[in-house]
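Okay, structure first, notes after.
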Amino acid sequence: MPSLKFTRREFLKLGAASAALAGAGCAPPAERIVPYANQPENALPGVPRFYASAASFVGGAEGMLIEANTGRPTKVEGNPAHPGSLGATSVQGQAAVLQLWDPERSKAPRRGGQPATRDALARELNDALGSLRAGEGVRVLIDGSTSPTLARQLELLGKRFPAARVHRWDPLEPVARREGGRLAFGRPLEPLVRLEEAGAILDLDSRFLEDHPFRLNYARQYARGREVRGGRMSRLYVFESAPSLAGAVADHRYAMPAHDIESWLVEGDRRQKAILEDLKKNRGVILAGESLSPQAHARVHRLNGELGASVSYVPPAQIDALPLPPLVEDMRAGRVKLLLILEGNPAYDAPADLAFAEALAAVPLSVHLSLYFDETSARSTWHVPATHFMEHWSDARAFDGTAAIVQPVIAPLYDGVSPHEMVSLVLQESRRGYDIVRETWRDIDWPAALRSGVVPESASRTVKVAPRSVDMPRAAPREGWSVRFVPDQSVLDGRFANNAWLQELPRSESKITWDNAALLSPASAKTLGVAVDDMLEISLGERRLLAPVWLVPGHADGTVTLALGYGRTHAGSVGNGVGFNAFLLRTSTSLWKAHGVSLRKAPGHHGFATTQNHARMEGRDLARHVRLEELVKKGKAWDEETPRHSLYKEWPYEGYRWAMVVSLNNCVGCNACTIACQAENNIPVVGREEVIAGREMHWIRVDRYYQQHDYGEVTLFQPVPCMHCENAPCEYVCPVEAAVHDSEGLNLQVYNRCVGTRFCSQNCPYKVRRFNFLQYSSHDENLKAQKNPEVTVRRRGVMEKCTYCVQRIQRARIEAEKANRRIADGEVITACQAACPTGAIVFGDLNDPGSAVNRAKRSPLEYDLLAELNTRPRTSYEGRVLNRNPDLHE
Amino acid sequence: MSEIDARLQRWGYASVTDKISDVVLRRPTHWIWAGGFVVTALGSALLFAGIGYLFAVGIGIWGVNIPVAWGFAIANFVWWIGIGHAGTFISAILLLLRQKWRTSINRFAEAMTLFAAGIAGLFPILHLGRPWFFYWLVPYPNVMELWPQWRSALVWDIFAISTYLIVSLLFWYLGVVPDLATLRDRATSRVKQVLYGLFALGWRGEARHWARFETVYLLLAGLATPLVVSVHSVVSLDFAIGIVPGYHSTVFPPYFVAGALFSGFAMVLTLAIPMRHFFRLEDFITGRHLELAAKVLLACGWIVAYGYFIETFTAFYGADRFEIAMVKDRFFGFYGPLYWLVLFCNVVAPQILWWRAARRSVWTLFVLSLVVQLGMWSERVMIVVQSMHRDFMPSAWGLFIPTVWDWIILGGSIAFFFFLFLAFLRFLPAISIYEMRKLVHEEEAQ
Amino acid sequence: MSPLYGLMAEFATPEKLKAAVEKARAAGYRRVEAYSPFPVEGLAEATGMKKNWVPVIVLAGGLAGGIGGFFMQWYSAVISYPINSGGKPPNSWPEFIPVTFELTVLVAAIAGVVGMLVLNGLPKLYHPVFNVRAFDLATRNRFFLCLRSGEPKFAEDSARDFLRELQPLGIWNVPA
């Protein structure tokens, strides 16, 4: 791992220097800046440095190592020491660096929409607070922050202004989970599961691979459980009301409306008996999701107790505060004199029945701290630009309570304020963010915490309590349609709407980009008389929404899934007007599901920008799977062995022979590899129209196939990077030697030699090559600052593709040659491999007999893609193992 | 005595010379020619505007994408180079076979070849992502000491096309030289005398000059014969060398060559029929000429039909999953209608030529020639696009939908072709005068 | 009077011209030139042309193009800059054949045309025969015999007499 030596002085120097270098046309930072001519110690141009930090996206922190090149944050890697990461990153974690450099971030405070100064804000706040001595009418609205420092500051605020109140609105808040904890234990405890110890997992709509604060940790644990050891592996049952990653990779996937899952849990059937028996036999565990009632959660806690599942319980990592509805009531009644909104975007994402935006108009002085001048900013008296988490000091807790220091990697690009500094302003003390955070952590080894990215022994004490028995009302049978809201896999609740990487990232199941959709099952669509691209009118009470239809095989019948986070009006030029706003239907009583919606075909058509238009393999052996019992019986997964003959002599590779193995058994289709590759390799976004034209640029795509078998439908994810074929068909058709092989077996693309005949892509059976049909890479100065200096930015007319992260190989080679040794196994980690939460990607040297990649190549599950073409791919696959329960024959 | 002979009997050296050269030198500009010239000039302007926009913005203005990274540019290239086959075929192969009737049509057929091959040669350059670096495909001394990659069919292509263009140009120009001398000597204005004189290279018809001229002309014909066969064979290798079903096929070389002659002869008819009408050249380009061209068309049509059949047959006989899927998609997939259009135009429609009445009907032949060209163009699009849109990985399957710029550049290239041809008719003799004189002499000798 | 290039006689048919040429040669004229609006078989031999070098030049060009072409590919791919392209050996000779063939044809054709022009002394935009007005018809329908001055046999008067005996359509002085 890169060195993490770090001192504060060094940081300040680096940060200031980089701000000067970035030259983003903004005012110099308040601190004294140092010209780069006096090169800071240990900062070598061309040698990236990594700084540990953390960020919360879905209610719990994800530890990161932020890569900085000459002071510019360019890439995010996971922090192996952080439990919320274990070395992996989420798609939002990867995209955060683009958010930092987004040229459309808010750059200056505004009052009533007009540019204003921070001094004017301080004066106005002082005046207001002067008349509100005890803080009557002072309200603070926080988002889902997990910052202990913010919690401490809010406590201070309570002491200073006893009448002030703090409320919280997090649109992704797991209300049912916490209420379930309260029912079962008397306080809002949340289950922390040791998934890797579970021999069987029953997932009740919990979406633990995408929406859970511990998603990266759980994904890693899940993948460990899927390893076949001694003919055994874990088994996953998923009941889902909306397509989830877990559902896609489940051994048994049952799709049904949320209330049916709940009544199934209460009523039980033969299937439930078999599943529970399996869970009992194999130390199983049950996970419950937000579409279930708190009572159902309590019931699950009890069942887990009976199963002896490895579950412990932790208090919520998020700051405790009052809920939103009473605040809105006070606002409307004129009882709120000063409202401080610390990030979040409630005017856009608050429950529709609360009509937050209207209530906000009744507040005489509202101050919104936000990264963007968004919907809430536009309706507040004051908008204050927030610093990005890569620009400020803060801290954050992971789901298990582990704290991490959020340290800035760059001085604020604009005139931003961190939430801590904002609260400090209200406390009329105007302290610097660093001092505030430092004060919270007075008693720890500060440099060590910064270096490792975690505060030692800060995890919440897990509670071992026996759950109480809770009555679960027998759900009345329901008729009609229901709706299920889910956070968008990419933009979540819309806060990443202006992030083009995330917008262009194909959603795992639908492969839609730049859009959300009303997801329906084919049977539901038939009933409604709608097809893909038709418009659907969705009404719930008086609320109405028009949404385009997309069909997902395996989706639950009788329900429609709507992703939140779209239909933004103040997101920025990237996010504005993309998709429809599902928040318009979401009320405080139906946060995640609603029943009694009416669906009707509406006039009009929509065109989706999808990256995969064919869902079936057409009998081709591309993404393979094998059933566990067959694997155990035969000792191998695949019958045929493709003979490898050639008229030509084998080309010798004497030094290194790089190769990759992608395990479909581990892959959960989360897209982290795709976006990590995009960040690492300066891959441009092309925009919605170009995706429709079929010109997306991702170097590693995740294919998704549906396969029908007598044992049910199987969904398969298959990440496809360049195969680096030894007999590469792309090379010998290139007239100018732009596609050539190197001495270590890399299939290179020499950009400055490429004239753009595109013959290589035509002749690539895997279709992994990407072409710059137009000038895709942006000339924006801000976005240029994000670029990886070790990777060429490609211009129009040039072919590009996966390079096995050749720049990382070179970096390792330089280190190894300095020490006069060979590159060790595991020293080169490709960007996709690093980001993968399940360790599905293994990379290394085939000439090293002990390398991990050689081990993976020896796996009985290993196979080459399209081996019959004799391309001899260096990238190969391990097939997926399906562990069906023999007692469940449907 | 054939019709050609009968018709020629009416002519002597002088009258033949005057008749043909007067088309260039004395005949007043006909309004149809002028109108055609203006229309095609505008169309050519559109082509060059399209090319300008293409160079400024990039090939993303077309419908190409991944998986279908080749589109109209390649289809147009193959189509045009195919049309450019008939000229040299007529000139060279029929010369070697001593087919006298070729004399009336070889000159304009060669010009047609040159223009078509020239336009064809434009397309691979337009096709490039970075057209300004097209010269990297040819060997030239450079600092990096890099050479072209000789294993690439595209390099073979560059050599084949440039050789074909150069040899066709030499062949054609050689034939024009004595006629330029005629024009030089018959022109009345000083400008024309000087211009024609310059290009006539001082030709004076000396006996030894004629002897060497005839030798090299015959040898060029001999060289051009394998060249005609090789050019489209090499073009077909652009596809056949690939591993994609629909490209990877051993029948491609002969099938492409036959297809080339098919569309080439169709273009000969398309040009000859109006030309002989407007310039009153019925005595030189007789009904018999048209009939012979029609027979060649019919024969080529059958070879092409055989190609279609054998492709389908081998797919199923070889039992390759990907080939079979490709063939089924060709029949019934998104681009299926294109396939049936191709079959109608190239296989069904030409069967009318079994009837003598059809072969002798100028209108039937003219319409059929257009049908065949549509069919051959569609076939090129089908091969280039349909094969690619669904290859090995279903996840990467996609569609190619041509944009307005695809059509503009196709339409513009057709306009430019006719523009060049109209200019040719006006400035150079469309029928080889010296060879007609020779023919008249041979008639007299009998 | 300016020096003569030669004397020229005009005929109406190629047969007459050929007969005239043969007579002139029989009469001992060595420098006999014949002009016709189209190639006439045997005419060149009649004027005394012996060896036609054009085929040899074409053959030499073809050999040079073919051998040079293959060598260029072999040298660049094996010696100058060998590259692993799709796992194929540097000397992928079967794939060098198309370019070898094309270069054979190309160089042969260019050599042939250039050789023909050089042997014919073309391009030559000015030539004394053009000074004869009637010679314009040499590219239309008339056939010309030219007896060149500058050989011992040639004397203007006797040559004129000789030509007159051939009953041409006309006889002209060709000024040098």
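Quick check, is B:Trp210 outside any loop (DSSP other than H, G, I, E, B) and either within 14 Å of chain A (Cβ to nearest Cβ) or modelled with pLDDT under 85 (or both)?
For B:Trp210, the condition - outside any loop (DSSP other than H, G, I, E, B) and either within 14 Å of chain A (Cβ to nearest Cβ) or modelled with pLDDT under 85 (or both) - is not met.
If you check B:Ala73 against the conditions, is it in a helix (DSSP H, G or I), among the small types (Gly, Ala, Ser) and on the phi < 0 side of the Ramachandran plot?
yes
Across the stretch A:517-544, which residue is farthest from A:Asn581 (Cα to Cα) among those that are among the β-branched types (Val, Ile, Thr) and not in a loop (DSSP other than H, G, I, E, B)?
Filtering first and then ranking leaves A:Thr527.
Of the residues A:Glu277, A:Glu267, A:Glu240, which single one is in contact (Cβ under 8 Å) with a residue 40 or more places away in the chain and under 29 Å from the mean Cα position of the chain (by Cα)?
After applying the criteria, what remains is A:Glu240.
For the stretch B:175-202, which residues satisfy the criterion of being at the interface with another protein chain (Cβ under 8 Å from one of its Cβ atoms), in a helix (DSSP H, G or I) and of a type outside the set (A, V, I, L, M)?
Matches in the stretch B:175-202: B:Pro178, B:Thr182, B:Arg184, B:Asp185, B:Arg186, B:Gly197.
Go through the stretch B:316-330 and report how many residues are away from chain A (no Cβ under 14 Å) and buried (at least 20 other Cβ atoms within 10 Å of the Cβ).
Qualifying residue count, the stretch B:316-330: 1.
Might you check whether a residue that is touching a residue at least 60 places away in the same chain (Cβ under 8 Å) and not in a strand (DSSP E or B) occurs anywhere in the stretch A:49-56?
Checked against the condition, which is being touching a residue at least 60 places away in the same chain (Cβ under 8 Å) and not in a strand (DSSP E or B), the stretch A:49-56 yields no hits at all.
Residues in the stretch C:115-143 that are more than 7 Å from every other protein chain (Cβ to nearest Cβ), of a type outside the set (D, E, K, R) and either crowded, with 20+ Cβ neighbours inside 10 Å or under 28 Å from C:Trp74 (Cα atoms) (or both): how many?
5
What are the residues in the stretch C:142-157 that are outside any loop (DSSP other than H, G, I, E, B) and without any contact (Cβ under 8 Å) to a residue 24 or more places away in the chain, if any?
C:Asp157
Quick test for you: out of B:Trp156, B:Trp172, pick the one residue that is more than 18 Å from B:Val23 (Cα to Cα), of a type outside the set (Gly, Ala, Ser), facing chain C (nearest Cβ under 8 Å) and in contact (Cβ under 8 Å) with a residue 60 or more places away in the chain.
Exactly one of B:Trp156, B:Trp172 is more than 18 Å from B:Val23 (Cα to Cα), of a type outside the set (Gly, Ala, Ser), facing chain C (nearest Cβ under 8 Å) and in contact (Cβ under 8 Å) with a residue 60 or more places away in the chain, namely B:Trp156.
As an exercise: evaluate B:Phe134 against (1) within 17 Å of C:Glu102 (Cα to Cα); (2) part of a helix (DSSP H, G or I); (3) within 12 Å of chain A (Cβ to nearest Cβ); (4) not hydroxyl-bearing (Ser, Thr, Tyr) and give the number of the one condition it does not meet.
It fails just one condition, (1).
So B:Met144 fits all but one of (1) more than 8 Å from every other protein chain (Cβ to nearest Cβ); (2) more than 26 Å from B:Ile243 (Cβ to Cβ); (3) in a helix (DSSP H, G or I); what number is the exception?
The failed condition is (3).
Given A:Glu726, A:Glu737, A:Glu731, which one is crowded, with 24+ Cβ neighbours inside 10 Å, among the acidic types (Asp, Glu) and either within 25 Å of C:Gly86 (Cβ to Cβ) or at the interface with chain B (Cβ under 10 Å from one of its Cβ atoms) (or both)?
Testing whether each residue is crowded, with 24+ Cβ neighbours inside 10 Å, among the acidic types (Asp, Glu) and either within 25 Å of C:Gly86 (Cβ to Cβ) or at the interface with chain B (Cβ under 10 Å from one of its Cβ atoms) (or both) leaves just A:Glu731.
Could you list, in sequence order, all residues of the stretch A:746-769 that are within 7 Å of chain B (Cβ to nearest Cβ) and of a type in the set (Phe, Trp, Tyr)?
Hits for the stretch A:746-769 are A:Phe759, A:Tyr766.
Give me a count of the residues in the stretch C:102-153 that are touching a helix residue (DSSP H, G or I) at 6+ places or on another chain (Cβ under 9 Å), of a type in the set (Gly, Ala, Ser) and under 20 Å from C:Pro3 (Cα atoms).
Adding up the residues that qualify gives 1.
Hey, which of the strands (runs of 3 or more DSSP E) in the stretch A:657-770, taking only ones fully inside, have at least 1 residues that are under 32 Å from the mean Cα position of the chain (by Cα)?
Per the criteria, A:658-663, A:701-709, A:712-720, A:747-749.
Which condition number does A:Ala398 fail, the rest of (1) farther than 27 Å from A:Gly71 by Cβ; (2) surrounded by fewer than 22 Cβ atoms within 10 Å (Cβ to Cβ); (3) among the hydrophobic types (A, V, I, L, M, F, W, C) being met?
With (1) farther than 27 Å from A:Gly71 by Cβ; (2) surrounded by fewer than 22 Cβ atoms within 10 Å (Cβ to Cβ); (3) among the hydrophobic types (A, V, I, L, M, F, W, C) applied to A:Ala398, the lone miss is (2).
Could you pull out the residue among B:Gly375, B:Gly333 that is surrounded by fewer than 22 Cβ atoms within 10 Å (Cβ to Cβ) and not polar (S, T, N, Q)?
B:Gly333
Out of the residues in the stretch A:169-195 that are hydrophobic (A, V, I, L, M, F, W, C) and part of a loop (DSSP other than H, G, I, E, B), state the one that is farthest from A:Pro325 (Cα to Cα).
Here the answer is A:Leu189.
With the requirement that a residue be within 12 Å of chain A (Cβ to nearest Cβ) and assigned to a helix (DSSP H, G or I), what does the stretch B:384-404 give you?
B:Val384, B:Val385, B:Ser387, B:Met388, B:His389, B:Pro394, B:Ser395, B:Ala396 - these are the residues of the stretch B:384-404 that are within 12 Å of chain A (Cβ to nearest Cβ) and assigned to a helix (DSSP H, G or I).
Condition first: touching a Gly at 6+ places or on another chain (Cβ under 8 Å), of a type outside the set (Gly, Ala, Ser) and either away from chain B (no Cβ under 14 Å) or on the phi > 0 side of the Ramachandran plot (or both). Now tell me which residues in the stretch A:593-617 satisfy that.
A:His595, A:Val597, A:Lys601
Quick check on the stretch A:589-605: of everything there that is at pLDDT 90 or above and out of contact with any Phe, Trp or Tyr (no Cβ under 9 Å at 6 or more places or on another chain), which residue is nearest to A:Gly480 (Cα to Cα)?
Among those that are at pLDDT 90 or above and out of contact with any Phe, Trp or Tyr (no Cβ under 9 Å at 6 or more places or on another chain), it is A:Arg600.
So is B:Trp302 out of contact with any Cys (no Cβ under 6 Å at 6 or more places or on another chain) and either farther than 23 Å from B:Ala240 by Cβ or of a type in the set (Ser, Thr, Tyr) (or both) or not?
When the stated conditions are applied, B:Trp302 does not pass them.
Report those strands (runs of 3 or more DSSP E) wholly inside the stretch A:288-390 carrying at least 3 residues which are under 25 Å from the mean Cα position of the chain (by Cα).
A:311-314
The values are calculated or read from the model by the stated rules, or taken from the named source; none is laboratory data. Keep in mind that this is a model prediction, so the values were computed, not measured. We place every Cβ from the backbone using ideal geometry, glycine too, and count neighbours over all the protein chains shown.
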